[in-house]
Structures are given as structure tokens and as C-alpha cells.
């Protein structure tokens, strides 16, 4: 297949929009210095953007400014793009390093929801848990990490809801002292294990999970699935806890950078 030629006019048009987005209120001379386009080309682009309603020319100071119409360009943006744009590359790189499947989960009702996974990339995947798989809150490593790091009021509400839902009900909900001790231990350690999950294929797997934190608190959980017939918990801690925590930290920092202080906006809109 032959290469597809790029349309330079479109590239230049977005170059102008990006500059105005960073420096709204720019005159033609300032444009020339930064955008590095011939004045005639720059003028035509700005005129086209004005005709389309994306740019306004202010005659009072001879500057160009963006209009509210540019907001229409983001209406089709899926807030869950944080998964493909941020989480997916981090998980893929992490999987190359540790080879075992890793995943990111977020709270969904009274369950944890798989948002991204490297099950299809890892050579050590027996059963696949695709994006959209729901995981029990109390009996899973990711769920226990979430309960340990969320606010106490939220944790109490979640446990009440789990206790009222028969399909999600778990013995840990009824053993409050044990659960409170587990939450404290997970918080102290910075991780949680869930052991011996029988797979559809032969063998059993266990999971270690760590929190993905932002300035607002816990955003998600990152987990690693492994064969406990091959690796002990101590082996996993020695070999994989550090890279798993690094991946989770990097994801949290990246999310924080993208959305600033409003992480809930992208999480609950996605």
C-alpha cells in the first residue's frame, strides 16, 4: 500500500489553533515569530478559521482570539480516553518488563471493573479477563486495596451496599473486626493479595494489587496475576512489587497531570 500524503493545510490550521489555545489574544506579528508560516499563508488560515466561527478578530487591539465554537471540537471526546492514552501504554511497558498479565481496575457500583489489561499480550495468561469484567469488592485484591485507601465514610457505605446485595455478598462483610484489621494491614503494607483463584484452564492464579493514587486519593488499582504454584508470595514481593508500584505511581501522576485536581470528572464520565 502506498503512503498517504498528509494535508499540510490541516496541519497548519491546527498549529494555529494550538497556539491560540496557549496564547489567546495574539496579533499577526506575534504569530509570524512563533508559528513560522508566511504572512500570506497565516492570514488565509486565520480568515478560514474566522469564517468557520472558531476565531474572532478584535479590531480594538488587532488580536485573534478563540471563540466558544472551539468547544464543539471536544464534544465527541470520550473521557475514558485516559485508558487508551495513558493507562494502556504504561501497562504494555510494564508487561514487557515482568511478563505476567497486569490490569487496571476502578470502582463500579459495588464491584471493581477491569478498565485495561495486558491479558492478550502476556505469555503467561491461561484465562483472559477482558475489559468490562466485574470483580467482587471484598474478596479481590483490587477491591481490598480500594477499601483500604478510600475515605472511611465511603467504605462504610460500600460495605452496607455489598451486604444488601446477595450476588455480591461476602463473608468478610459480616466479619467487621476481621475486615477492619485487613483494611489497616493493606494500608500499612501498600498492597493486597488474593490467593488461589481457580482458572477455567488447568492451574490456579493469585493476584497482588496496589493503589493508583492522585492528590484526591485513590483513583484506581493496578494488579498482577501470577501462578502461585510457580511463585510464592515472597517471590512476588521481591521481584514484582517495586515495578508494579512504579507503574501505579506513574499512572497516578500522569492522570493528575492531565486532569489537574478533578480526577472524578474523567473517572465517572467514562
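One table, with the values for the structure above:
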| item | result |
| --- | --- |
| Some residue of segment 16-28 being loosely packed, with under 14 Cβ neighbours inside 10 Å, at pLDDT 85 or above, over 31 Å from the mean Cα position of the chain (by Cα) and farther than 13 Å from residue 70 by Cβ | yes |
| Residues that are within 18 Å of residue 22 (Cα to Cα) and modelled with pLDDT of 90 or more, drawn from segment 51-93 | 54, 55, 56, 57, 64 |
| Complete set of residues in segment 176-189 that are modelled with pLDDT under 90, loosely packed, with under 14 Cβ neighbours inside 10 Å and touching a helix residue (DSSP H, G or I) at 6+ places or on another chain (Cβ under 9 Å) | 176, 178 |
| Whichever residue in segment 202-242 is over 18 Å from residue 119 (Cβ atoms) and surrounded by 24 or more Cβ atoms within 10 Å (Cβ to Cβ) and, among such residues, is farthest from the chain's Cα centre (by Cα) | 210 |
| Qualifying positions in segment 1-60 - farther than 19 Å from residue 73 by Cα and in a strand (DSSP E or B) | 26, 57, 58 |
| Qualifying residue in segment 122-131 (condition: under 20 Å from residue 246 (Cα atoms) and at pLDDT 90 or above) | yes |
| Long-range neighbours under 6 Å by Cβ, at least six apart or interchain, first residue in contact (Cβ under 8 Å) with a residue 40 or more places away in the chain within segment 9-29, second crowded, with 16+ Cβ neighbours inside 10 Å and not in a helix (DSSP H, G or I) | 20/66; 24/66; 25/63 |
| Checking residue 223 against (1) in a helix (DSSP H, G or I); (2) at pLDDT 95 or above, the condition it does not meet | (1) |
| Where residue 132 falls short, out of the listed (1) loosely packed, with under 14 Cβ neighbours inside 10 Å; (2) on the phi < 0 side of the Ramachandran plot; (3) under 15 Å from the mean Cα position of the chain (by Cα) | (2) |
| Residues of segment 101-111 classified as modelled with pLDDT under 95 and part of a loop (DSSP other than H, G, I, E, B), total | 2 |
| Filtered residues of segment 32-49 (kept if free of Cβ contacts under 8 Å to residues at least 24 places away in the same chain and closer than 15 Å to residue 21 by Cα) | 34, 35 |
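The values are calculated or read from the model by the stated rules, or taken from the named source; none is laboratory data. Fair warning: this is a prediction, and the values are worked out from it, not measured in the lab. Reconstructed Cβ throughout: ideal geometry from the backbone, glycine too, with neighbour counts over all protein chains shown.
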